[in-house]
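K.L.:
The structure under discussion is supplied below as structure tokens; questions concerning it will follow.
The values are calculated or read from the model by the stated rules, or taken from the named source; none is laboratory data. Being a predicted model, the structure only gives us computed values, none of them experimental. Using ideal geometry, Cβ is built from the backbone for each residue, glycine included, and neighbour counts are taken over all protein chains shown. To get the accessible areas, we keep the full protein, side chains included, count just its heavy atoms, and leave off ligands, DNA and RNA. Shrake-Rupley method; radii C 1.70, N 1.55, O 1.52, S 1.80 Å.
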Amino acid sequence: MASGPLQGKICAVVNIIDQNRVLVDGPCTGVRRQVVNLKNVHITTLRIRIPHTASTPMVREQWVGRHVSETWEDSRWCRNLRAKQRSQNLTDFERFKLWKLRKARTAIIRDACSKLKTEIKKSKAAKTGKKGGKKAAKKPVAK
């Protein structure tokens, strides 16, 4: 479900009522059989084979047989939803600690990149035989 109290839970579309509403059922996820507006639903690629207007026990049987809950938990979409929920539930102090850790990580990466850049410059200078630094300005010739 995309919004409302069932946000983040998955369910099966049992019947299409019209172009705006569907009948859903999620026997293993706590979503009771109900009519839902399509604007409040995200369609995934997970499928179970059920007949038109299948009963809840039939949906549960196919759900368990196809391992829908396990497949959903392993999906990237689910992991992203969980990460978003985790970040929304952080306290002020936890956000501060996370900020400090990200800052430290960025400093480590920046230092490693700068070391690599200087090594590349040194190796290029060694290959061409040129020394780095400023070129000496030519003195004007006195007439």
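K.L.:
Is there a residue being in contact with a strand residue (DSSP E or B) (Cβ under 6 Å, 6 or more places away or on another chain) and exposed (fewer than 13 other Cβ atoms within 10 Å of the Cβ) anywhere in the stretch 49-64?
P.N.:
Yes; the residues of the stretch 49-64 include at least one that is in contact with a strand residue (DSSP E or B) (Cβ under 6 Å, 6 or more places away or on another chain) and exposed (fewer than 13 other Cβ atoms within 10 Å of the Cβ).
Conditions tested, residue by residue: (1) among the small types (Gly, Ala, Ser); (2) out of contact with any Lys or Arg (no Cβ under 7 Å at 6 or more places or on another chain).
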site: VAL13; (1), (2): no, yes
site: PRO27; (1), (2): no, no
site: GLY30; (1), (2): yes, no
site: ARG33; (1), (2): no, yes
site: VAL41; (1), (2): no, yes
site: THR44; (1), (2): no, yes
site: ARG47; (1), (2): no, yes
site: HIS52; (1), (2): no, yes
site: THR56; (1), (2): no, no
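K.L.:
Further question: If you scan the stretch 65-77, which residues turn out to be farther than 18 Å from VAL13 by Cβ and open to solvent by less than 100 Å² (accessible area, probe 1.4 Å)?
P.N.:
GLU73
K.L.:
Can you tell me which of LYS97, LYS131 is modelled with pLDDT of 95 or more, more than 30 Å from SER3 (Cβ to Cβ) and out of contact with any Gly (no Cβ under 7 Å at 6 or more places or on another chain)? Steps first, answer last, please.
P.N.:
Details: LYS131 fails: modelled with pLDDT of 95 or more.
Criteria check complete, one pass: LYS97.
K.L.:
Take the conditions open to solvent by 60 Å² or more (accessible area, probe 1.4 Å), of a type in the set (Ser, Thr, Tyr) and at pLDDT 95 or above and apply them to THR106. Does it pass? Give the derivation first.
P.N.:
Details: open to solvent by 60 Å² or more (accessible area, probe 1.4 Å): yes; of a type in the set (Ser, Thr, Tyr): yes; at pLDDT 95 or above: yes.
Judged against the criteria, THR106 is a match.
K.L.:
Something else now. Free of Cβ contacts under 8 Å to residues at least 40 places away in the same chain, under 26 Å from GLN7 (Cβ atoms), open to solvent by 70 Å² or more (accessible area, probe 1.4 Å) and assigned to a helix (DSSP H, G or I) - does that describe any residue in the stretch 30-44? Let's see the steps before the verdict.
P.N.:
Restricting attention to the stretch 30-44, the residues satisfying the condition of being free of Cβ contacts under 8 Å to residues at least 40 places away in the same chain are 30-40, 43-44.
Now drop any that are not under 26 Å from GLN7 (Cβ atoms), which leaves 30-40, 43-44.
Checking the rest, the ones that are also open to solvent by 70 Å² or more (accessible area, probe 1.4 Å) come to 32-33, 35, 39, 43.
This time we only want the ones that are assigned to a helix (DSSP H, G or I), so: 39.
Yes: one or more hits.
K.L.:
Could you list, in sequence order, all residues of the stretch 1-29 that are part of a loop (DSSP other than H, G, I, E, B) and closer than 17 Å to TRP77 by Cα? If you could, list the steps in order and put the result at the bottom.
P.N.:
Just the residues of the stretch 1-29 that are part of a loop (DSSP other than H, G, I, E, B), to begin with: 1-11, 17-20, 27-29.
Scanning the stretch 1-29 gives MET1, ALA2, SER3, LEU6, GLN7, GLY8, LYS9, ILE10, CYS11, THR29.
K.L.:
Here is a further query. Spot the failing condition for VAL14; the list is (1) free of Cβ contacts under 8 Å to residues at least 24 places away in the same chain; (2) closer than 19 Å to MET1 by Cβ; (3) open to solvent by less than 80 Å² (accessible area, probe 1.4 Å); (4) not small (Gly, Ala, Ser), and only one is missed.
P.N.:
(1)
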